[in-house]
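Visitor: Dropping the structure in here first, questions after.
The values are calculated or read from the model by the stated rules, or taken from the named source; none is laboratory data. Remember, it's a predicted structure, so these values are computed and weren't measured experimentally. Heads up, the Cβs are rebuilt from the backbone with ideal geometry, glycines too, and the neighbour counts pull from every protein chain shown.
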Amino acid sequence: MNDVLELAIEAARAAGDVLLGYLGGPLDLGHKSSRADLVTQADRASEALLRARLLGARPGAAFYGEETGATPGTGTERWIVDPLDGTTNFVHGFPFFCVSIGYERDGVMEAGVVYNPTLDEIYAARRGGGATRNGAPLYVSETAQLSESLLCTGFKPGPAGMSRNLGNFVAFSDRSHAVRRVGAAALDLCYVARGAFDGFWEYGLHPWDVAAGSLIVREAGGHVSDGAGSPYALGAAAIVASNGLVHDQMLALLA
């Protein structure tokens, strides 16, 4: 599995270089599901590179990317890729965006990499092998009380996404130190894994948003579930990730 993880790290770094090449320059801005759901040529160029690198090295694998959708493979491997998580941040020059690569085999997430090119931070994990940031081990926080927690969430683009989660945002803000909304779910999960956030929740995320980050949280000692507390499965309506100690408290407030 080390060769797969190294491949993903190398591909993420190369895609990050592509993104930095576009950062601050003229962008061909498009919209997908709503005016707030942005896409640029940087997203597409990053995904093209990732597709070429990952499938070039593992030609039988399936590929599921945000911009090009699902391409079937001939075996049981699948790459799940977000070429630019945090596109709105990227468009506005806010340096909180990343490349996310998940590797799945036989329906099980085996490896994940999230790369923030502006900080040159690589978050990586292998199933059963722990999680790292730039090679150093990652561990979730030891905060045991929701009232002492720093939390994070996000809102699906569009009015429905805002209304679905706004009440929770207020409720958690009243019962914690604070709630942040930073705009890149893959990195939000990594910040849970590194102990900066004690918990994260969001609705309506796609597999490419969380495939890598959810594994990184688990391998850092955290817990990841759906909104009802069952083990998280890609495509679930809600994701809740935490250090494990505040997880039940979060679920109780979401119920």
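Visitor: What's the number of the condition LEU5 fails, among (1) surrounded by fewer than 18 Cβ atoms within 10 Å (Cβ to Cβ); (2) assigned to a helix (DSSP H, G or I)?
Guide: (1)
Visitor: May I ask you to list pairs of residues, at least six apart or on different chains, whose Cβ atoms are under 6 Å apart, with the first in segment 83-95 being outside the structural domain of ARG181 (by TED's automatic domain parsing) and under 22 Å from PHE63 (Cβ atoms) and the second being at pLDDT below 95 and surrounded by fewer than 24 Cβ atoms within 10 Å (Cβ to Cβ)?
Guide: Short answer, once both residue conditions are applied: THR87/LEU38.
Visitor: Quick check, is GLY75 free of Cβ contacts under 8 Å to residues at least 40 places away in the same chain, out of contact with any helix residue (DSSP H, G or I) (no Cβ under 7 Å at 6 or more places or on another chain) and either acidic (Asp, Glu) or assigned to a loop (DSSP other than H, G, I, E, B) (or both)?
Guide: It is true that GLY75 is free of Cβ contacts under 8 Å to residues at least 40 places away in the same chain, out of contact with any helix residue (DSSP H, G or I) (no Cβ under 7 Å at 6 or more places or on another chain) and either acidic (Asp, Glu) or assigned to a loop (DSSP other than H, G, I, E, B) (or both).
Visitor: With the requirement that a residue be exposed (fewer than 12 other Cβ atoms within 10 Å of the Cβ) and modelled with pLDDT under 85, what does segment 13-38 give you?
Guide: Once the filter is applied, which keeps residues that are exposed (fewer than 12 other Cβ atoms within 10 Å of the Cβ) and modelled with pLDDT under 85, segment 13-38 yields LEU29, SER33, ARG35.
Visitor: I'd like the full set of residues that are modelled with pLDDT under 95, over 17 Å from MET250 (Cβ atoms) and not polar (S, T, N, Q), limited to segment 161-203.
Guide: Hits for segment 161-203 are GLY161, MET162.
Visitor: Of the residues that sit in segment 80-106 and are within 19 Å of GLY128 (Cα to Cα) and not hydroxyl-bearing (Ser, Thr, Tyr), which one is surrounded by the fewest Cβ atoms within 10 Å (Cβ to Cβ)?
Guide: So, considering only residues that are within 19 Å of GLY128 (Cα to Cα) and not hydroxyl-bearing (Ser, Thr, Tyr), the one surrounded by the fewest Cβ atoms within 10 Å (Cβ to Cβ) is ASP106.
Visitor: Further question on the same structure: Taking LEU234, is it closer than 19 Å to GLY130 by Cα, touching a residue at least 60 places away in the same chain (Cβ under 8 Å) and crowded, with 18+ Cβ neighbours inside 10 Å?
Guide: no
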